[in-house]
Amino acid sequence: MTVNFIIAAAFFIATLLFIYGLKRMASPVTAPSGIRVAGWGMVLAVAASFLYAFDVREAAADNLGMNLFLALVALGIGVGWAWRSGKKVAMTGMPQMVALYNGMGGGAAAAIAAVELYSGNAQHYGFAVTVLALLGGLIGAVALSGSIVAWAKLDGRLNKTIRFGAQQLVNGGLLAFAVLLSIYVLAVGDGGTPDMAITLFFLVSLVLGILLTTPIGGADMPVVISLYNAFTGLAVAFEGFVLQNPAMIIAGTVVGSAGTLLTFLMAKAMNRSVSNVIFSNFGAEDDGGSDIEGSMKSVEASDAAINMYYGSRVIIVPGYGLAVAQAQHKLYEFVKLLQKQGVDVSFAIHPVAGRMPGHMNVLLAEAGIPYDIIHDLEDINEEFPLADAALVIGANDVVNPAARSNTSSPIYGMPILNVDQAQQAFVVKRGQGKGYSGVENELFFADNTSMVYGDAQKVMVEMIEAIKSLG
Amino acid sequence: MDATTAITGFVALYIFMLAAFTGYEIIGRVPAILHTPLMSGSNFVHGIVVVGAIWALLNAGTPLEQTIGFIGVVLGAGNAAGGYVVTDRMLDMFKTSDKQE
């Protein structure tokens, strides 16, 4: 049995565990074991990869001791830092951490491409391998710098949306330049390593990733993160072809196609095309300035609470504002009081609630809210007319009826939760401001809507007290 | 680079195609409530790139290649470990009504 056979067998098992693990992630019941199965696959693959030391290139033979040491140190730094940061991050900060870890993967793929190109190894194996190395390098570098920009935006470190007139043209020019450099590297081919051109190629790719991401607004970041996740998967797959590593090819391709699917699902939920997200300036335009007739009515938190307490069916629509106010736990306390009284309570989640798809589910799960009372838009939208009351907390655009009726509204056509069809809607809101898209919300002016002004956490405490005082 | 795992030409294309459909089928069935853990879980899976980075570093012949390889391993390891930790944390929180304490 050769060392190479052991490595190949280990990678085979690791790949099997990845796919089996991902499959188990299709249900909340089996998902925790799924990620652990995949985790063991990763441990096995990494351990096996150190067996590569038995069969290194001649040029590296003298460095082997040093390289092994460097690999262990690098592994320690990467795992140590990521493990600690991953344990520490708050659930609200999850999207930016996912973006950051994803960017690191893209960077690693680009690093592999760089080593293979600088060493002339890729060129040595011929035209196709060189093309794949370059392609993986470009995509990986774009995913790295783009994800870092996405992380900075979501983390509030970069608030400006930087746009300039000929941005599309500049990006196109950069891409063309990267392609030209690639052609040059390919033309030199085996026997030469045009270091200068390779360095320029990676620099141009990194700048392209930054310029592609800076014009995209915060609301669209989920789509972008998902897209870069798919990019990194593809880059990993391409570098897997270069290194002849089937585990990288399969894992990368699976993630690439899964990420692409997820990106399209998400863009669809926002009623936009993927190219529209990347190339247009959402949120920059003013809404048509259409004035809405009627006025907003406000109600005390305690009155709203008692109204819901005597209802038989209540649907709660949480938005990101709920998590920002850290009010999930108080909300669940309130829900339990209602349930004790026999009120049928369910949660309605819009596909883009939170800062990435499914983010709101995670935030509710954190508060211990069971997922069997949480429903998707398609499952629950029919039930709003049957509800005595709908409670909207920290959500705005996703309940705006203008998306159904007002063709001039920028959010027209977006699927929304039909809160306006409930007998009575209570909207918990800090003030009279507009939503993320800058559009006025017709729901707030409707006859059957009452506004409860105040910080979500405070409002929930008042509601709980109101019910407890009933005895 | 070994005969037991040589992947070239059409074999490579077949693997690419089948893996792409596998990803599509597996993810297409995941309910929306799991989309965030799913994204970070698939993010974790492409952390396998660390294996390639280790290969590149072990085979580095010049200080430049060593430096880039080192960075690659740090980044790849961060991708894998970070993706795992956040996914595991999120999935641990999902509970049903009857499983409550």
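Within the range A:368-386, how many residues are farther than 13 Å from A:Leu417 by Cα and more than 9 Å from every other protein chain (Cβ to nearest Cβ)? Residues meeting the conditions: 1.
For residues that are of a type in the set (Ser, Thr, Tyr) and either within 12 Å of chain B (Cβ to nearest Cβ) or touching a Ser or Thr at 6+ places or on another chain (Cβ under 6 Å) (or both), tally how many sit in the range A:119-135. Give the steps one after another, and end with the answer.
Kept after step one, since they are of a type in the set (Ser, Thr, Tyr), are these residues of the range A:119-135: A:119, A:125, A:130.
Checking the rest, the ones that are also either within 12 Å of chain B (Cβ to nearest Cβ) or touching a Ser or Thr at 6+ places or on another chain (Cβ under 6 Å) (or both) come to A:119, A:125.
Selection size over the range A:119-135: 2.
For the range A:67-76, the set of residues classified as within 17 Å of A:Met42 (Cα to Cα) and facing chain B (nearest Cβ under 7 Å) consists of A:Ala71, A:Ala74, A:Leu75, listed by residue number. Any residue in the range A:310-331 that is over 19 Å from A:Thr92 (Cα atoms) and either modelled with pLDDT under 90 or small (Gly, Ala, Ser) (or both)? Yes, there is a match, as at least one residue in the range A:310-331 is over 19 Å from A:Thr92 (Cα atoms) and either modelled with pLDDT under 90 or small (Gly, Ala, Ser) (or both). Could you tell me whether any residue of the range A:152-173 is crowded, with 23+ Cβ neighbours inside 10 Å and within 14 Å of chain B (Cβ to nearest Cβ)? Scanning the range A:152-173 turns up at least one residue that is crowded, with 23+ Cβ neighbours inside 10 Å and within 14 Å of chain B (Cβ to nearest Cβ). Within the range B:13-37, residues that are basic (Lys, Arg) sit with their Cβ atoms under 8 Å from residues that are at pLDDT below 90 and assigned to a loop (DSSP other than H, G, I, E, B), at 6+ positions apart or across chains, in these pairs: B:Arg29/A:Ala26. If the condition is being of a type in the set (Val, Ile, Thr) and either over 30 Å from B:Leu34 (Cβ atoms) or more than 8 Å from every other protein chain (Cβ to nearest Cβ) (or both), then the range A:30-66 contributes A:Thr30, A:Val37, A:Val43, A:Val56. Against the test of being within 18 Å of A:Thr15 (Cα to Cα), at pLDDT below 95, within 20 Å of the chain's Cα centre (by Cα) and at the interface with chain A (Cβ under 7 Å from one of its Cβ atoms), the options B:Ala80, B:Ala20, B:Ala53, B:Ala6 yield a single qualifying residue, B:Ala20.
One line per residue, one yes/no per condition, for (1) surrounded by fewer than 18 Cβ atoms within 10 Å (Cβ to Cβ); (2) among the β-branched types (Val, Ile, Thr); (3) touching a residue at least 12 places away in the same chain (Cβ under 8 Å); (4) not assigned by TED's automatic domain parsing to the domain that holds A:Lys458:
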| site | (1), (2), (3), (4) |
| --- | --- |
| A:Asn361 | no, no, yes, no |
| A:His375 | no, no, yes, no |
| A:Val392 | no, yes, yes, no |
| A:Pro410 | no, no, yes, no |
| A:Gly431 | yes, no, yes, no |
| A:Asn441 | no, no, yes, no |
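Being within 16 Å of the chain's Cα centre (by Cα) and of a type in the set (Val, Ile, Thr) is the filter; apply it to the range A:124-159 and report the residue that is farthest from A:Ala109 (Cα to Cα). Top of the filtered list is A:Val149. Listed here are the helices (runs of 4 or more DSSP H) enclosed by the range A:188-288 that have at least 2 residues being over 28 Å from A:Ile7 (Cα atoms), away from chain B (no Cβ under 13 Å) and modelled with pLDDT of 95 or more: A:195-213.
If you check B:Val45, B:Val73 for being under 11 Å from the mean Cα position of the chain (by Cα), free of Cβ contacts under 8 Å to residues at least 60 places away in the same chain and at the interface with chain A (Cβ under 7 Å from one of its Cβ atoms), only one passes: B:Val45. Scanning the range A:3-18 for residues that are within 8 Å of another protein chain (Cβ to nearest Cβ) and surrounded by fewer than 20 Cβ atoms within 10 Å (Cβ to Cβ) gives A:Asn4, A:Phe5, A:Ala8.
Just one of (1) at pLDDT 90 or above; (2) under 32 Å from the mean Cα position of the chain (by Cα); (3) not basic (Lys, Arg) fails for A:Val343. It is (2).
The conditions of being farther than 20 Å from B:Ile71 by Cα, in the same structural domain as A:Val224 (by TED's automatic domain parsing) and not aliphatic (A, V, I, L, M) are met by A:Gly191. The sole residue among A:Leu100, A:Leu117, A:Leu134 that is assigned by TED's automatic domain parsing to the domain that holds A:Phe201, under 17 Å from A:Gly209 (Cα atoms) and touching a residue at least 60 places away in the same chain (Cβ under 8 Å) is A:Leu134. Does A:Gly105 count as in contact with a His (Cβ under 6 Å, 6 or more places away or on another chain) and of a type outside the set (S, T, N, Q)? It is true that A:Gly105 is in contact with a His (Cβ under 6 Å, 6 or more places away or on another chain) and of a type outside the set (S, T, N, Q).
Screening A:Lys87 against (1) under 16 Å from the mean Cα position of the chain (by Cα); (2) within 11 Å of chain B (Cβ to nearest Cβ); (3) within 21 Å of B:Leu38 (Cβ to Cβ) leaves a single unmet condition, (1).
Kindly evaluate A:Ala45 against the criterion of being closer than 18 Å to A:Pro246 by Cα and either at pLDDT 90 or above or of a type in the set (Val, Ile, Thr) (or both).
In short, yes.
When A:Ala176 is tested against the conditions (1) in a helix (DSSP H, G or I); (2) surrounded by 12 or more Cβ atoms within 10 Å (Cβ to Cβ), the lone failure is (2). Taking residues in the range A:339-355 that are without any contact (Cβ under 8 Å) to a residue 24 or more places away in the chain, and partners anywhere that are of a type in the set (Val, Ile, Thr), the pairs with Cβ atoms closer than 7 Å and at least 6 places apart or on different chains are A:Gln339/A:Val345.
Restricting to the range B:14-43, count the residues that are within 26 Å of A:Ile374 (Cα to Cα) and not hydroxyl-bearing (Ser, Thr, Tyr). Adding up the residues that qualify gives 16.
The values are calculated or read from the model by the stated rules, or taken from the named source; none is laboratory data. Note that this is a predicted model, so its numbers are computed, not measured. Heads up, the Cβs are rebuilt from the backbone with ideal geometry, glycines too, and the neighbour counts pull from every protein chain shown.
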